[in-house]
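Novice: Quick one: structure below, then a few questions.
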Amino acid sequence: MRTSVLGLFTLKETPAEAELASHRLMLRAGMIRSVAAGIYTWLPLGLRVLRRVEEAVREEMNRAGAVELLMPAIQPAELWQESNRWTKYGPELLRLTDRHHRLFCFGPTHEEVITDLARREIRSYRELPLTFYQIQTKFRDEIRPRFGVMRAREFVMKDAYSFHVSESSLQEGYDRMHDAYHRIFRRLGLEARAVAADSGAIGGRYSHEFHVLADAGEDQLALSDTGPYAANVELAEARPPEGLRAPARRPLEKIRVSPRSSRQSTSTGGEAQIRIELVKSPAGDFHAIALCAGHTLNPVKVAHVLGYAEPVSPTEWNERHPLDANSLGPLDLPCPLVADHAAAHLADFSAWANAPDELWQGVNWGRDCQEPPAHDLRVVTNGDPSPDGVGRLRLVRGIEVGHIFQLGTEYSERLHAYFQDESGGEKPLWMGCYGVGVSRIVAAAIEQHHDEWGISWPMPLAPFAVAIAPIGGKTSSRVWETACTLEAELESKGCQTLLDDRDLRPGSMFADLDLIGIPQRLVVSERGLAEDRVEWRDRKSRTTQLLTLQDACTTVLDRMRNFS
C-alpha cells in the first residue's frame, strides 16, 4: 500500500489532552481522532492494528471450540430488570427511550441477551456444552473517560458465554478459555499475566483477570517473586503473622501529645501502633476496623467480611458521636470493631484515645479492650509472604485486557434458563463468561512497546510488516522502480508493505516511520544502489544492514514469520 492511498495523518506536536504514552502516540501516529469525550474514530492505520487483534482473538476462540454470533447493541430494559441489574449496574448503563416510550440500554455487556437466547433455544442436556462469542461495540458511560481508548466510553470487546450441565463441565470450559487467553497474548507478542480477581458488577463466584504488564497500568498486581502466585491486590491474601501473640508486658498509660493537623503516625517511641478506619452499612450503622499503621484498608475484603465497605466521613461520624473521628482508638468505641490479622497480633501497642491530644500506650487486646474478630482486611505490601507459601510478593502495575468468570447458575436462575437432564428433571444452566478488551489491547500494547521515537509494534500487531522508504524517488527513476519492485515482491509473498510515496526529506520520512512503529524498514537510495544494495533497519533494536535486493526480501520475510 502507498502512503498516498492510506491517508497517514501524523502530528508533530503532542496533544495537550493526552496523559498516557499510548494516548499521545495513537493521536500523533494518526491512529485515532476524538469525536466526543471517550468516543473515537479509528483511522485506517489504527483500524489495521485493531483488525490484527480481532483476527488473533477470533482464531483462538474458534480453536477453543467457541462459535461466533452477533447480538444487538441495543437491549430492552425488561431483560435487565429481570436480572435485577437495571438499577444495580449504575450510571455507567446508558439508558435510552424509543418513540414508543419503551426503555432500552446500549449494551455494556450481554449476559442478559445471551441467557435469553439460551432459555429459548436450549432444551436438553444432549445439546450441551455450548460456547458462543461475538466481537462487537460496547458502551459504558464512564464518568471521566480518559487515557484515550484505554478507558473510553465506546469500545470494541470480545465477549463469550458458555453453557453447561454441571459445575465440572463449566470448569473444563473455563480452563479451555484460560488457555486460549494465554495463547492470544503470546501470539500478539505481549507480556501478560493471569491473576485471581474480584468479579465486580458481572457477578459470579470465581474469576481471573488478564493484565498486560506496564508501568502505566491502573491496576496493582501482587506476584510471587519465585512461585506461580498472581492476584489483583484487591484479592491478594495477606497471610496472618506466624506464631502466638507476644504477652502483655507494659502497663496501660494515657499521655498528652500535640494535637494533630492530619492523620499521621501515632508513634512516640518506636512501639507498634494501630489506627481506626470507619465504614457504614446501607442502613447507616457504623463499623470500626483496626489496622497497623502503614497498612491500607482493602474495601473489597471488608465487603466480603461485613457485606459493605462504604467509608464514613468525619462529618457523618461527628453528627452522631462526640469523639474525634480522626483520633479514634480501640478503647471505649461506641460501635463494633473488627481487626486485620496483623493488628490483632500486636501487643503493647499505641493508639489514639478518641481525642486529638491524647494517646494510649501499652494497649493490649483482651486486657484493656475487647478481643476483636480478626480477618484479612488489608492491602498486601511488597515483601509480604506469598499466600501459597512460595516466595514473597512483589507489586507491579498492569492493564486489564481480559476477564473470565464462572457465573454458575446466577443468571440462568434469575432468567429461568433451564434444561432437561438425563432423568427428565429441570435444571438451571451452568454459565461461564469470558471478555477481552479488543480496542484496549491496542493501547496496552503501546504502553508495553514504545520508546522515545514512537511506537515499536510487535510483529503480529504491526499495521505493516515493513516500510519502504525511497530517497529521492520522485527525481530518480532507478530508486522509484527499485522501491516498486521490492513492494511487488514482498506483497506477492504475503508481506503487507507500506511504500512511502510522499516525497519527504529523509529525516521527516524516517521520523514518521519510527513514530508509527513499523517493525522493519528498507531504505532505497542512489548511494545504496550504486553498490546494488538497500538498507534494512530493525525498528526495535535500531540496527541496520546493507543487503542485496534478494537478501533484503529474505530477511524481511524471515523476520515476519519468526518475530522476536
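Readers should treat all values here as calculations from the given coordinates under stated rules, not as data from a laboratory. Everything quoted here is computed from the prediction, not taken from an experiment. Every residue, glycine among them, receives a Cβ derived from its backbone with ideal geometry; neighbour counts consider all protein chains shown.
Novice: Roughly how many whole Å is it from the C-alpha centroid of the range 27-58 to that of the range 117-144?
Specialist: What the calculation gives is 25 Å, centre to centre.
Novice: Applying the Karplus parametrisation 6.51 cos²θ - 1.76 cosθ + 1.60 with θ = phi - 60° to the phi angles of the range 126-139, what ³J(HN,Hα) value in whole Hz is obtained for each residue in order, glycine and proline being reported as x?
Specialist: 5, 8, 10, x, 9, 9, 10, 9, 9, 10, 8, 7, 10, 9
Novice: So, one more: Place a +1 charge on the Cβ of each Lys and Arg in the chain and a -1 charge on the Cβ of each Asp and Glu, then give the dipole magnitude about the Cα centre in debye, rounded to the nearest 20.
Specialist: The calculation lands at about 980 debye.
Novice: Going by a ≥ b ≥ c, the root eigenvalues of the Cα gyration tensor, does the range 464-561 fall in the rounded group (a/c under 1.5), the prolate group (a/b larger than b/c) or the oblate group?
Specialist: Rounded.
Novice: Ordered by packing density, taken as the mean number of other Cβ atoms within 10 Å over each peptide's residues, highest first, how do 272-278, 380-386 rank?
Specialist: 272-278, 380-386
Novice: Using Cα-only point scatterers and the Debye equation, what is log10 of I(q)/I(0) for the chain at each q in 0.09, 0.10 Å⁻¹, rounded to two decimals?
Specialist: Computed log10 I(q)/I(0) values: -0.85, -0.98.
Novice: Let me ask something else about it. Taking the highest mean first, how do the peptides 120-130, 328-338 order by number of other beta carbon atoms within 10 angstrom per residue?
Specialist: 328-338, 120-130
Novice: Continuing with this model, one more query. How high is the relative contact order of the chain, in percent, with contacts defined as C-alpha pairs under 8 Å that are six or more residues apart?
Specialist: 17 percent
Novice: If we sort 245-258, 8-21 on the protection proxy, mean other Cβ atoms within 10 Å, highest first, what's the order?
Specialist: Highest-to-lowest ranking by the protection proxy: 8-21, 245-258.
Novice: Does the range 1-158 come out rounded, prolate or oblate by the C-alpha gyration tensor, with a ≥ b ≥ c the root eigenvalues, rounded set by a/c under 1.5 and, if not, prolate when a/b is larger than b/c and oblate if not?
Specialist: It is oblate, given that a/c is not under 1.5 and a/b is not larger than b/c.
Novice: Next question, about the same structure. Note down the relative contact order for the range 31-152 as a percent, whole number, built from C-alpha pairs under 8 angstrom at least six residues apart.
Specialist: After rounding, I find 31 percent.
Novice: Find, to one decimal place in angstroms, the Kirkwood hydrodynamic radius of the range 253-375, where the mean of 1/r is taken over every pair of different Cα atoms and then inverted.
Specialist: Hydrodynamic radius (Kirkwood, Cα only) of the range 253-375 equals 14.5 Å.
Novice: Another one. Pairs to check: K301/K540; K12/K474; K138/K301; K254/K280; K158/K280; K138/K280. Give those whose C-alpha atoms are more than 32 Å from each other in this structure.
Specialist: Correct reply: K301/K540; K158/K280; K138/K280.
Novice: Sort Y308, Y133 so that the residue with the fewest other Cβ atoms within 10 Å of its own Cβ comes first and the one with the most comes last.
Specialist: Least to most surrounded, the residues fall as Y308, Y133.
Novice: Shifting gears a bit: Sequence gap at least 6, Cα distance under 8 Å: using those rules, report the relative contact order of the range 271-310 to the nearest whole percent.
Specialist: Across the range 271-310, relative contact order equals 40 percent.
Novice: Could you state the orientation-averaged shadow area of the convex hull built on the Cα atoms of the range 69-160, in nm² to one decimal?
Specialist: Projected area, direction-averaged: 7.1 nm².
Novice: With axes computed from alpha carbons, what is the tilt in degrees of helix 111-121 against the longest principal axis of the chain, rounded to the nearest 10 within 0 to 90?
Specialist: For helix 111-121, the angle is close to 80 degrees.
Novice: Turning to a different aspect of this structure: Using unit Cβ charges (K, R positive; D, E negative) and no other charged atoms, how large, in debye to the nearest 20, is the dipole of the range 253-375 about its Cα centre?
Specialist: 180 debye
Novice: Using only Cα positions of the range 508-554, each an equal point scatterer, no hydration layer, compute I(q)/I(0) via Debye at q = 0.14, 0.22 Å⁻¹ and quote the log10 values to two decimals.
Specialist: Taken in order of the listed q values, log10 I(q)/I(0) reads -0.33, -0.76.
Novice: List the aspartates and glutamates whose alpha-carbon lies under 20 Å from that of K88, not counting same-chain residues fewer than 8 positions away?
Specialist: K88 reaches E78, E111, E112, D116, D141, E142, D198, E310, E410, E413.
Novice: Within a Cβ distance under 9 Å of R397, other residues only, what is the Lys/Arg minus Asp/Glu net charge?
Specialist: After counting each charged neighbour, the total is -3.
Novice: With +1 on the Cβ of every Lys and Arg and -1 on the Cβ of every Asp and Glu, and nothing else charged, how large is the dipole of the range 38-182 about its Cα centre, in debye rounded to the nearest 20?
Specialist: The calculated dipole for the range 38-182 is roughly 540 debye.
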